[in-house]
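Everything on this sheet refers to the single structure shown next.
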Amino acid sequence: MTLIQRYLFRQILFPVIAACAALAGIGILSQSLDQLQVIVERGQSVWIMVKLTLLALPQLLSVILPIGLFVGALIALTHLQREQELTAAFAGGMTRWQVISPAARIAVLVALVTLLVNVFILPWAQQEARRQAFDIRTDLAALLVEEGQFVQGPDGLTVYVQQIEQNGLLKNLFVYLDDKDKVTTWNASEARFSRDAGGIPILTMIDGSAQRYSSGGVLETLSFGRYDFSLAPFVGVTDTIRYKPTDLYLRQLLNPTAKVLEVAGSRGELLAEAHSRLASPLYAMVAMALALSAILGGAFSRTGYTLRIAKAAGLFLVLRVVGYGLVAASAWNGWMNVLQYVVPIVAIVVALRVLFRALKPRRSRTTAALRDLKAKFA
């Protein structure tokens, strides 16, 4: 790139980064507010809330990157045109393509980042978030333990803990279980929640005793150094993680196994999601093409480009809505997957046609004939 092209590249890139960062910040704030229930209702730590919020960021990026590119490019191009820097570039002998090539490079860069997020980062983050949500739902430690309180759990289970240390160690534990046929109580000086080799949650009690009445009404007492109390009967969720199409990698979407089809969705839904991930980066190119056509697709205007910007923004919004609609429709009509690529490509071609048209408005033959006739009799 030449010196002026590097200058234009920087002038466009920084507003695009700022717009994307602002939209990402709004999205993170919204996600963090949604994740507050993880702390309030499930008793999880702040780190778990932060982790879930960050894991939701790749899905947000795949949506906001084209929008941030469109907003940032409009801001930068409007400023450059208002200061007549683009006019000076044209006056200096630069062609239209040389002027817009820095913007095109930024659009390609954003498209590649979006593709990277869609193909690699998004499925990894979604699967990690799904596993974390599964662990939270099966984390009976957060549901059954409250320091200094008798907590009633499911199926007649009651737990009391005198003290909870920061490392998760429970001090002076009391467990009461009424399973209708018999009542059993456990007490232990120390305890800890964990999982066995099969992933079943257990409560390991150290240095304690258990008491219950026999069928003859005799109190039976058992002292133990270690006792593993299985919490499997009290886990109210399935023992497997069920993934959605958005959680799968591209290879799983294009060539799903029978197990994936059983738990994640139909072949049509998976194929529509795969094409959506590959086609959505094209909307970054659409965003930049529309922004350029809104500012440079017509004559210079001292009063601004509000109407042209509004038209470009409206068209971009319509295209994105149509794109999302095509993803849903393609799940049931496989041939419509082609339209996921056709729509943005056609939009790019039309925007470039507007951008590269002649700067002077075309005059009809009738107008030219009247002008010649007037000149003849003048």
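The values are calculated or read from the model by the stated rules, or taken from the named source; none is laboratory data. Treat the numbers as computed from the prediction; the structure is a model and nothing was measured. Note that we place each Cβ from the backbone using ideal geometry, even for glycine, and neighbour counts take in every protein chain shown. Accessible surface is based on the protein model in full, side chains and every heavy atom, while ligands, DNA and RNA are left aside. Shrake-Rupley method; radii C 1.70, N 1.55, O 1.52, S 1.80 Å.
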- Query: How many nm separate the modelled label positions at Trp47 and Gln132, each set 7 Å beyond the Cα in the direction of the Cβ?
  - Reply: 1.2
- Extended-chain gain in nm, criterion 0.36 nm per residue less alpha-carbon gap, Ala258 and Gln152: 34.0 nm
- Message: Assuming 0.36 nm per residue, please report the length gained on full extension of the stretch Arg353 to Leu116 beyond their Cα-Cα distance.
- Response: 82.4 nm
- Note on the structure: For the chain, the accessible surface attributable to carbon and sulfur atoms (probe 1.4 angstrom, ligands and nucleic acids excluded) amounts in percent to 62
- Task: May I ask for the angle, rounded to the nearest 10°, between helix 46-55 and the longest principal axis of the chain, with both axes built from Cα atoms and the value confined to 0 to 90°?
- Result: 40
- Task: Report the GluC sites (Glu not before Pro) located in region 38-122 that are in a DSSP loop and have at most 14 other Cβ atoms inside 10 Å of their Cβ, or state none.
- Result: Glu41, Glu83
- Added length on full extension, which subtracts the Cα-Cα distance from 0.36 nm per residue, Leu33 to Met1: 7.1 nm
- Item | Mean separation of Cα contacts under 8 Å, 6 or more apart, over the residue count of the chain: relative contact order % | 15
- Distance in nm between Ser223 and Arg96 label points, each 7 Å along Cα→Cβ, equals 9.4
- Note on the structure: At q = 0.22, 0.23, 0.26, 0.34 1/Å the base-10 log of I(q)/I(0) from the Debye formula over the alpha-carbon atoms of region 269-310 is -0.71, -0.75, -0.84, -1.08
- Taking H placed 1.01 Å from N in the peptide plane, check which residues at least 5 places from Glu146 or on another chain put their amide H under 5 Å from its amide H. Val161
- Would you mind checking the radius of gyration and Dmax of region 1-157 based on alpha-carbon positions, in Å? 23.5, 84
- Kindly report the accessible area of the chain per residue (heavy atoms of protein chains, probe 1.4 Å, no ligands, DNA or RNA), in Å². 56
- Note on the structure: So the FRET efficiency between Tyr341 and Ser266, C-beta based with R0 = 22 Å and rounded to 0.05, is 0.55
- Note on the structure: Helix 306-330: inclination vs the chain longest Cα principal axis, degrees, rounded to 10, gives 50
- Item | the chain, helix-only ellipticity at 222 nm - DSSP H runs n ≥ 4, -39,500 (n - 2.57), divided by all residues, nearest 500 | -19000 deg cm²/dmol
- So which residue, out of Leu307, Leu112, Leu122, gets the largest mean-square fluctuation from a GNM of the chain using Cα contacts under 10 Å as springs? Leu307
- Option label - Cα Rg over 2.2 N^0.38 Å computed here, alternatives [x] 0.97; [y] 1.51; [z] 1.31: [y]
- Once both label points are put 7 Å beyond Cα along the C-beta direction, the Ala22-Leu109 separation in nm becomes 1.9
- Query: In straight Cα distance, which aspartates and glutamates are under 16 Å from Lys51, not counting same-chain residues fewer than 8 positions off?
  - Reply: Asp34, Glu128, Asp135
- Task: Arrange the residues Ser215, Ser223 by how much accessible surface each exposes, largest first, with a 1.4 angstrom probe.
- Result: Ser215, Ser223
- Note the angle between two axes, namely the Cα long axis of helix 282-296 and the longest principal axis of the Cα atoms of the chain, as a number of degrees from 0 to 90, rounded to the nearest 10. 40
- Using +1 at the Cβ of each Lys and Arg and -1 at the Cβ of each Asp and Glu in the chain, identify which of Val99, Gly323, Gln211 lies farthest towards the dipole's positive end. Val99
